[in-house]
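Asks: There's a structure below that I have some questions on.
The values are calculated or read from the model by the stated rules, or taken from the named source; none is laboratory data. If you're wondering where the values come from, they're calculated on a predicted model, not measured in any experiment. As a convention, Cβ positions derive from the backbone with ideal geometry for all residues, glycine included, and neighbour counts pool all protein chains shown.
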Amino acid sequence: MLKIAIYGKGGIGKSTVTSNLAAAFARKGKRVIQIGCDPKADSTINLLGGELPMPVMTYMREYDEDPESIEDISRIGYGGVLCIETGGPTPGLGCAGRGIIATFALLEDLELFETFQPDVVLYDVLGDVVCGGFAAPIREGYAEKVLIVTSGEKMALYAANNIYQAVRNFEDRSYARVQGIVLNHRNVEGENQKVADFAASVGLPVIGEIVRSDDITWCEDRGQTVVEGRPDSEAAKAFMRLAEELLVTGDEDE
């Protein structure tokens, strides 16, 4: 099973990358679970035609009980991807990180992985926070690999470095390790070189490049990934190549 957590600066395009990767894996015939770890609960929206499953934390608040089955808190999206959103507390009340921890414990109780038997699990994690509950995907052994999404923008690279350093702190405990960097282009001056320089400074490969594309925007306006909506576009092909690269390296690790 390939288990990947995706981190990066808030607004850098993690959900776009995650959902398109999920769609790409599904097109390759893989059974995929995508878990959105963000109180906004919109990670899977483009796999579901613009609609979303009830977030786990919302379910627990509204019904004042744990769900009885995975079906209560999930929906099947494009390509058979199982979509789950952790959600978060009522705005201004409670800790979103604790919500992630509670959700993960619940998914274990419901035997999610034993029941669905995925080939790939993707965790789309809030912003550049790698502490408390937001570190759960890498700290508790749910994910084995981390992808850092960045552009060539100064603050995106600053966040990428913080994430890399945080994940390194877990390496001696056999937790997840950074697999590489995904360059999500913003077309800033010297972007490729800036990201290449950062990657070299921390000893990581740039394993994927996503072009800035109107095709992505067009598809997301319609509640789709570009892999689904415009599969012949350059952006879709980039996601397919990234999925293939991750599958190959996953096989090598085994």
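Asks: Could you give me the residue pairs with C-beta distances under 7 Å whose first residue belongs to the stretch 180-207 and is closer than 19 Å to Glu244 by Cβ and without any contact (Cβ under 8 Å) to a residue 60 or more places away in the chain, whose second residue is of a type in the set (Ser, Thr, Tyr) and in a strand (DSSP E or B) wherever it lies, and which are 6+ apart or on separate chains?
Replies: Ile181/Thr150; Leu183/Thr150
Asks: Sticking with this structure for a sec: Would you check if Glu85 is touching a Ser or Thr at 6+ places or on another chain (Cβ under 7 Å) and charged (D, E, K, R)? Lay out the reasoning, then the answer.
Replies: Values: touching a Ser or Thr at 6+ places or on another chain (Cβ under 7 Å): yes; charged (D, E, K, R): yes.
Yes.
Asks: Looking only at residues in the stretch 2-56 that are on the phi > 0 side of the Ramachandran plot and surrounded by fewer than 23 Cβ atoms within 10 Å (Cβ to Cβ), which one is modelled with the lowest pLDDT? Talk me through it step by step, then tell me what you get.
Replies: Residues of the stretch 2-56 that are on the phi > 0 side of the Ramachandran plot, as a first pass: 8, 11, 13, 29, 41, 49-50.
Going one step further and asking which of them are surrounded by fewer than 23 Cβ atoms within 10 Å (Cβ to Cβ), we end up with 11, 13, 29, 41, 49-50.
On the way: Gly11: 92, Gly13: 95, Gly29: 97, Ala41: 89, Gly49: 96, Gly50: 93.
Per the criteria, the residue is Ala41.
Asks: For Ala102, state whether it is closer than 14 Å to Ile73 by Cα and at pLDDT below 85.
Replies: Answer is yes for this residue.
Asks: Something else about it: When Ile163 is evaluated against the numbered criteria (1) crowded, with 19+ Cβ neighbours inside 10 Å; (2) in contact with a helix residue (DSSP H, G or I) (Cβ under 9 Å, 6 or more places away or on another chain); (3) part of a helix (DSSP H, G or I), which criterion, by number, is the only one it fails?
Replies: So the condition that Ile163 fails would be (2).
Asks: In the stretch 118-158, which residue that is crowded, with 19+ Cβ neighbours inside 10 Å, of a type in the set (Phe, Trp, Tyr) and not in a strand (DSSP E or B) is modelled with the lowest pLDDT?
Replies: Phe134
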